[in-house]
1. Quick check on the range 57-78. Is at least one of its residues in contact with an Asp or Glu (Cβ under 6 Å, 6 or more places away or on another chain), of a type in the set (A, V, I, L, M), under 30 Å from Val290 (Cα atoms) and within 16 Å of the ligand (Cβ to nearest atom)?
2. If a residue must be closer than 16 Å to Glu86 by Cβ and surrounded by 14 or more Cβ atoms within 10 Å (Cβ to Cβ), how many such residues does the range 137-181 contain?
3. Out of the range 1-19, which residues are over 14 Å from Thr63 (Cα atoms) and not in a loop (DSSP other than H, G, I, E, B)?
4. I'd like the full set of residues that are part of a loop (DSSP other than H, G, I, E, B), over 17 Å from Phe26 (Cβ atoms) and modelled with pLDDT of 95 or more, limited to the range 188-245.
5. Starting from the range 200-211, take each residue that is within 13 Å of Pro12 (Cα to Cα) and in contact (Cβ under 8 Å) with a residue 40 or more places away in the chain and list its partners that are away from the ligand (no atom under 11 Å from the Cβ) and of a type in the set (Gly, Ala, Ser), counting only C-beta distances under 9 angstrom and pairs at least six apart or across chains.
6. Could you tell me whether the range 200-211 includes any residue that is among the basic types (Lys, Arg) and farther than 27 Å from Ala294 by Cβ?
7. Pick out the one residue from Arg264, Arg304, Arg297 that is among the basic types (Lys, Arg), within 24 Å of the chain's Cα centre (by Cα) and in a helix (DSSP H, G or I).
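The values are calculated or read from the model by the stated rules, or taken from the named source; none is laboratory data. Keep in mind that what you see is a predicted model, and the values were worked out from it rather than measured. So basically every Cβ, Gly included, is an ideal-geometry build from the backbone, and we count neighbours across all protein chains shown.
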Amino acid sequence: MEPDAPTTRLAPSPTGSLHLGHARSFLLTWALARREGWQVQMRLEDLDRARCSPASSRATLETLAWLGIDHDGPVVMQSEHRGPYEAAMRTLAAQQRIFECELSRREIREAALAPHSHAGEIGFAPSLRPPPGSAWSFDRLECSHRFLVSAGPVEFVDELRGQAIFDPSQTCGDFVVWTRDGSPSYQLAVVVDDARFGVTEVVRGDDLLESTARQILLQRALGFPTPRWWHLPLVLDADGERLAKRHGATALDALRGEGATPDRICGLVCWWSGWIADLRPMNVRDLPSVVSPASLRELAARERDVHHRPRVDEECLRWLRSG
Ligand code: GLU
């Protein structure tokens, strides 16, 4: 990898089979990077010990390689490098920005800030914080720790959506940075690794847009640079819901077994975006000629209206399988 070159990363969580939504996000990220001359890093977010295994990591990498997505430099496995996460926690502890939290979900829910503000997450109320001077340490690795969120909104520019503003103190409140099974949370791990590996361009699904504000707070506290953000709209299922790993029919492994080819998947991605008029196979190598910052900005502007987001319906699944 060239040092100082603009760098992006593909960061799948190997917790189950990737689906067509992942295929679109990873293909667009890869094509944008190749078009713009960025380095592409592959990072497996495999910290969830219960749901990840060497076999699931291998399968995820194999699926991406099958799609025609290559990368630069060695694959980073988060589970193999825990030292930098612990170092970041010690930095945050020295600044009194983290605290131990052994409260139960019920206790947190009862005091909740805004119980339904954040998909499945309960907003942590400031009244639950420990008194100043107590428990601001990182001595117990097997204990959940939260990050002290300062009041006020966080503003940033998203390269595809423009100005964005979120206020984590009003939504999630003090969020978990270390889990009681002794692992960094997603938020901490992503911030440490993006800084550690010189990631300058974060391209990912817009389900993580709100998380970006939390990640910026952590970057500031740790003295890390803030990368540029590119949040891509997510593909929906036939009912207009977000695709999930449990939607077996859209799993890339299943589709592959039923005859789908990378060229058909790539053709579908281009057709969804209006870059080709008729549904036809497209070589993945041709994708960087149609994907650019401008074409992705157009796509993001159109799909800001959820009614214009692509849907994976039976018809497109049938077309993919007829490869
Ligand atoms: N591993 C995360 C996911 O699969 C992506 C994290 C990121 O891009 O920041 O949703």
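1. No: the range 57-78 contains no residue that is in contact with an Asp or Glu (Cβ under 6 Å, 6 or more places away or on another chain), of a type in the set (A, V, I, L, M), under 30 Å from Val290 (Cα atoms) and within 16 Å of the ligand (Cβ to nearest atom).
2. Counting residues in the range 137-181 that are closer than 16 Å to Glu86 by Cβ and surrounded by 14 or more Cβ atoms within 10 Å (Cβ to Cβ) gives 13.
3. Answer for the range 1-19, where residues must be over 14 Å from Thr63 (Cα atoms) and not in a loop (DSSP other than H, G, I, E, B): Thr7, Thr8, Arg9.
4. Of everything in the range 188-245, those that are part of a loop (DSSP other than H, G, I, E, B), over 17 Å from Phe26 (Cβ atoms) and modelled with pLDDT of 95 or more turn out to be Phe197, Gly198, Thr200, Gly223, Phe224, Pro225, Thr226, Pro227.
5. Short answer, once both residue conditions are applied: Val203/Ala33.
6. no
7. So the residue among Arg264, Arg304, Arg297 that is among the basic types (Lys, Arg), within 24 Å of the chain's Cα centre (by Cα) and in a helix (DSSP H, G or I) is Arg297.
Yes/no matrix, rows are residues, columns are (1) over 17 Å from Val284 (Cα atoms); (2) in a loop (DSSP other than H, G, I, E, B); (3) touching a helix residue (DSSP H, G or I) at 6+ places or on another chain (Cβ under 9 Å):
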site: Gly21; (1), (2), (3): no, no, yes
site: Arg24; (1), (2), (3): no, no, yes
site: Arg34; (1), (2), (3): no, no, yes
site: Val40; (1), (2), (3): no, no, yes
site: Ala50; (1), (2), (3): yes, yes, no
site: Ala59; (1), (2), (3): yes, no, yes
